1. Output the number of the condition that I2 fails; it satisfies all remaining conditions of (1) of a type in the set (A, V, I, L, M, F, W, C); (2) in contact with a helix residue (DSSP H, G or I) (Cβ under 9 Å, 6 or more places away or on another chain); (3) modelled with pLDDT of 95 or more.
2. Residues that are modelled with pLDDT under 95 and of a type in the set (A, V, I, L, M): does the stretch 60-68 have at least one?
3. Need the failing condition index for M18 against (1) of a type outside the set (S, T, Y); (2) touching a helix residue (DSSP H, G or I) at 6+ places or on another chain (Cβ under 7 Å); (3) at pLDDT 95 or above, just the number.
4. Would you list the helices (runs of 4 or more DSSP H) that sit entirely within the stretch 1-85 and hold 2 or more residues that are surrounded by 13 or more Cβ atoms within 10 Å (Cβ to Cβ) and of a type in the set (D, E)?
5. Between residues in the stretch 45-71 that are charged (D, E, K, R) and residues that are not in a helix (DSSP H, G or I), which pairs lie under 7 Å by C-beta distance while being six or more apart or on different chains?
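The values are calculated or read from the model by the stated rules, or taken from the named source; none is laboratory data. These numbers come from a predicted model, not from an experiment. Cβ: placed from backbone, ideal geometry, glycine included. Neighbour counts: every protein chain shown.
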Amino acid sequence: MISDVEFRRLIWHSRRGMLELDVLLGPFTELHFKSLNEADQAHYQRLIDAEDADIWAWLQGTLATPDADLGRIVGMINEKVGAGLVK
């Protein structure tokens with residue numbers, strides 16, 4: 001389980017250099033991250049370690065994620081907060 005300090009750091013790290021990503025990742029982190037199982041939380045943390053351009057391309061569906069675990073997280077983000085915002 002993630003501590004409150006680690007969660008606040010994760011929220012900060014979810015803030016990106018692209019407004020489009022901030023609009024998706026910030027709310028997802030704040031509203032849905034804690035409800036993920038530990039494996040999915042780890043996959044989300046891997047996702048936000050990627051480059052902004054890659055994350056945006058994955059969210060738009062213009063680039064395939066390197067593995068199914070990241071693809072699952074991308075799908076969750078699009079489902080939970082991205083409906084109507086991506087593409």
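1. That leaves (3) as the condition not met.
2. no
3. (3)
4. Per the criteria, 19-32, 52-60.
5. Qualifying pairs under 7 Å: D52/R16; D52/G17; D52/M18; D54/L63.
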